[in-house]
Amino acid sequence: MNTLRLFIIRHLSVYYMLIACFAFSLMGAASKLLSEQVSSVEIVLFRNIIGLAFILAALYRHRNFGKGGAPWLFVFRGVIGSLGLLCFFYNIAHIELGTAFTFQKTAPIFIAVFSYFALKEKLSKLGWVAILLGFIGIVFIMKPSGDMGLIDSIIGLSGGVCMGLAMTSVRKMRKYYSADMIILSFMIFGTIPMAIILALGEYTESLPAFVMPDTFGLLLALGVGLLGYIYQVYMTKSYRATRKAGIPAAVSYADIVFSMILGVLLGDALPMGFALLGIVVIIFSGLLIAKEK
């Protein structure tokens, strides 16, 4: 019994990350169903407004804000992260769930590149090989086909770039803000600007307007918000439960598998040919980058 408990404790970060990945995949499935009723902008609003309530409550309890002093970084992380999320939800609505998640998982490739140039972090030969493989995988997935056009591919890639920039900025933000404040920056700019866009959409056809979902849609919206928050909590727990960041980073690619399964259950076709090869190459590239951590 003690041996089993010790085994579980030693691999706690893996279990936490698997829970996070499953929650993230369920969130993606819920948002795909919800996209039949509302716009991607509205889904981003639902995704963040529930999390915003939770994080404000946490800040009120803990009063842990950090020393501050980098407002431009606070704004940049929130804006670029929200743009990445908007691209992600747009892709979920328009392409296969597993492929949309794969585009999101290109973020570590861009993090490695941005960290090298912006933060002057060293990168080994293996790291550069991983980045090269990652870009080859991206080219394979972006190859326009009957199932996915060039616009969807560009939006998917843009989402990965935005999330890569957002996560790179987090490394700088840790010097100025607490973890709760970093999350708050994401939640604020994923809520207020989206609400403004939807409000303006009432007066112009060029912007999406708020649409009240039906009862099932409201339950999906609640699920998107709660599952997004659960993902955030367990992802954080996973990285806190290990000294080797590469372990949870590698396990995090499980959400591609979960999302493919859920996508098939929702009627998606399994990726084939170049798309499937691209997914495999990107996962392998991500695992190599995780090994470097």
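The values are calculated or read from the model by the stated rules, or taken from the named source; none is laboratory data. Note that this is a predicted model, so its numbers are computed, not measured. All Cβ positions, glycine included, derive from the backbone under ideal geometry; neighbour counts span all protein chains shown.
A few comments on the model shown:
- Criterion: over 20 Å from residue 25 (Cα atoms), part of a helix (DSSP H, G or I) and in contact (Cβ under 8 Å) with a residue 40 or more places away in the chain - qualifying residue of 222, 227, 288: 288
- Test: residue in segment 253-272 that is among the aliphatic types (A, V, I, L, M), in contact (Cβ under 8 Å) with a residue 24 or more places away in the chain and under 26 Å from residue 128 (Cβ atoms): yes
- The one condition in (1) at pLDDT 95 or above; (2) over 26 Å from residue 98 (Cβ atoms) that residue 187 fails to fulfil: (1)
- Failed item, numbered, when residue 156 is tested on (1) surrounded by fewer than 19 Cβ atoms within 10 Å (Cβ to Cβ); (2) in contact with a Cys (Cβ under 8 Å, 6 or more places away or on another chain): (1)
- Residue in segment 112-135 that is out of contact with any His (no Cβ under 9 Å at 6 or more places or on another chain), under 23 Å from residue 264 (Cα atoms) and surrounded by 19 or more Cβ atoms within 10 Å (Cβ to Cβ) present: no
- Note on segment 141-156: among residues that are within 21 Å of the chain's Cα centre (by Cα) and under 20 Å from residue 268 (Cβ atoms), the one that is modelled with the lowest pLDDT is 148.
Conditions tested, residue by residue: (1) within 23 Å of residue 33 (Cβ to Cβ); (2) in contact with a Ser or Thr (Cβ under 8 Å, 6 or more places away or on another chain); (3) surrounded by fewer than 17 Cβ atoms within 10 Å (Cβ to Cβ); (4) in contact (Cβ under 8 Å) with a residue 40 or more places away in the chain.
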| residue | (1), (2), (3), (4) |
| --- | --- |
| 48 | yes, yes, no, yes |
| 59 | no, no, yes, yes |
| 72 | no, no, yes, no |
| 78 | no, yes, no, yes |
| 82 | yes, no, no, yes |
| 88 | yes, no, no, yes |
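- Within segment 235-261, being part of a helix (DSSP H, G or I), at pLDDT 90 or above and under 17 Å from the mean Cα position of the chain (by Cα) holds for 254, 255, 256, 257, 258, 259, 260.
- Verdict on residue 18 being modelled with pLDDT under 90 and either loosely packed, with under 14 Cβ neighbours inside 10 Å or under 15 Å from the mean Cα position of the chain (by Cα) (or both): no
- Restricting attention to segment 262-274, the residues being over 20 Å from the mean Cα position of the chain (by Cα) and on the phi < 0 side of the Ramachandran plot number 9.
- Residue 270 being aliphatic (A, V, I, L, M), in a helix (DSSP H, G or I) and surrounded by fewer than 17 Cβ atoms within 10 Å (Cβ to Cβ): no
- Taking segment 164-178 as the range and being among the hydroxyl-bearing types (Ser, Thr, Tyr) and surrounded by 19 or more Cβ atoms within 10 Å (Cβ to Cβ) as the test, the residues that pass are 168, 169, 177, 178.
- Flag if residue 180 is of a type in the set (Asp, Glu), assigned to a helix (DSSP H, G or I), in contact (Cβ under 8 Å) with a residue 12 or more places away in the chain and farther than 22 Å from residue 197 by Cα: yes
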